[in-house]
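The structure is given below, and queries will be raised subsequently.
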Amino acid sequence: MKKKLVFTIGIPGSGKSTYLSGKYPVVETAKLRKIYLGDVNDWSQERFIFDIAMRDIIERFDFYDTVYLDATMVETKHRDSMLEEIGGRLDVKFEAIVFPADIYLSIERIEADLESGKNRANSLDTIYESYNQYNETMDQIEAGQVDFDVVWL
């Protein structure tokens, strides 16, 4: 059976983590930031975090046929380089779960989570940048310029 990496594409607060709850194993970039950088809000070393995520994904394929990645995956450079590297090492099918981008709903969800004390990234300062990157990714998907299967939610 061919291995499969299922990853999320969506802006912060779009429901990615909620969707993946109950799935196993899940590699979460937010959790990796907390573990390796000490702060879920530290986006200063994204290449490092994605390298760690890639290592963890590859290790999990030793034991599982399907691995899940919880990340926004809206930024082309990190997404494409990670998928290329994994695909160069393993025979893996890639499947993206694409979440609708409702920026106002996402802001409401993030604010509610932060007010309740939930340990999540405060991505309010970067949500518009993520939204722009998301739209670029949607253009690439619509133009057939991606090397992964797409599931629309």
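The values are calculated or read from the model by the stated rules, or taken from the named source; none is laboratory data. If you're wondering where the values come from, they're calculated on a predicted model, not measured in any experiment. When we count neighbours, we look across all protein chains shown, and the Cβ atoms used for this are built from the backbone with ideal geometry, even at glycine.
I'd like to verify a number: residues in the stretch 12-49 that are of a type in the set (Gly, Ala, Ser) and on the phi < 0 side of the Ramachandran plot, how many? Lay out the reasoning, then the answer.
Filtering the stretch 12-49 down to residues of a type in the set (Gly, Ala, Ser) leaves 13-15, 17, 21-22, 30, 38, 44.
Those still in the list that are on the phi < 0 side of the Ramachandran plot too: 14, 17, 21, 30, 44.
Total satisfying the criteria: 5.
Then there is this: Of all residues in the stretch 116-145 being under 16 Å from PHE7 (Cα atoms) and of a type in the set (Val, Ile, Thr), which is nearest to the chain's Cα centre (by Cα)?
It comes out as THR137.
Something else now. Write out, first by first residue and then by second, each pair whose Cβ atoms fall under 8 Å of each other, whose residues are 6+ apart or on separate chains, and whose first residue, in the stretch 70-89, is aromatic (Phe, Trp, Tyr) while the second is modelled with pLDDT under 90.
none
Tell me which residues, restricted to the stretch 21-68, are free of Cβ contacts under 8 Å to residues at least 24 places away in the same chain and among the β-branched types (Val, Ile, Thr).
ILE35, ILE49, ILE52
A follow-up question, please. Being under 13 Å from the mean Cα position of the chain (by Cα), surrounded by fewer than 19 Cβ atoms within 10 Å (Cβ to Cβ) and closer than 30 Å to GLY38 by Cα: is that true of ASP113 here?
Values: under 13 Å from the mean Cα position of the chain (by Cα): no; surrounded by fewer than 19 Cβ atoms within 10 Å (Cβ to Cβ): yes; closer than 30 Å to GLY38 by Cα: yes.
Spelling it out, it is not the case that ASP113 is under 13 Å from the mean Cα position of the chain (by Cα), surrounded by fewer than 19 Cβ atoms within 10 Å (Cβ to Cβ) and closer than 30 Å to GLY38 by Cα.
Return the residues of the stretch 14-50 that are crowded, with 16+ Cβ neighbours inside 10 Å, out of contact with any strand residue (DSSP E or B) (no Cβ under 8 Å at 6 or more places or on another chain) and under 18 Å from TRP152 (Cβ atoms); say none if nothing qualifies.
Result: SER14, GLY15.
For LEU32, work out the one condition from (1) within 14 Å of the chain's Cα centre (by Cα); (2) in a loop (DSSP other than H, G, I, E, B); (3) of a type outside the set (S, T, N, Q) it doesn't fulfil.
Among (1) within 14 Å of the chain's Cα centre (by Cα); (2) in a loop (DSSP other than H, G, I, E, B); (3) of a type outside the set (S, T, N, Q), the lone unmet condition for LEU32 is (2).
Specify which of the listed residues (ILE86, ILE9, ILE52, ILE97) is over 23 Å from GLN145 (Cβ atoms), of a type outside the set (D, E, K, R) and at pLDDT 95 or above.
Values: ILE86 fails: over 23 Å from GLN145 (Cβ atoms); ILE9 fails: over 23 Å from GLN145 (Cβ atoms); ILE97 fails: over 23 Å from GLN145 (Cβ atoms).
Within the list ILE86, ILE9, ILE52, ILE97, the selection yields ILE52.
Among the basic types (Lys, Arg) and surrounded by fewer than 16 Cβ atoms within 10 Å (Cβ to Cβ), is that true of ARG79?
On the way: among the basic types (Lys, Arg): yes; surrounded by fewer than 16 Cβ atoms within 10 Å (Cβ to Cβ): no.
Taking the combined requirement at face value, the residue does not satisfy it.
Same structure again: Looking only at the stretch 131-153, count how many residues are exposed (fewer than 14 other Cβ atoms within 10 Å of the Cβ) and of a type in the set (Phe, Trp, Tyr).
1
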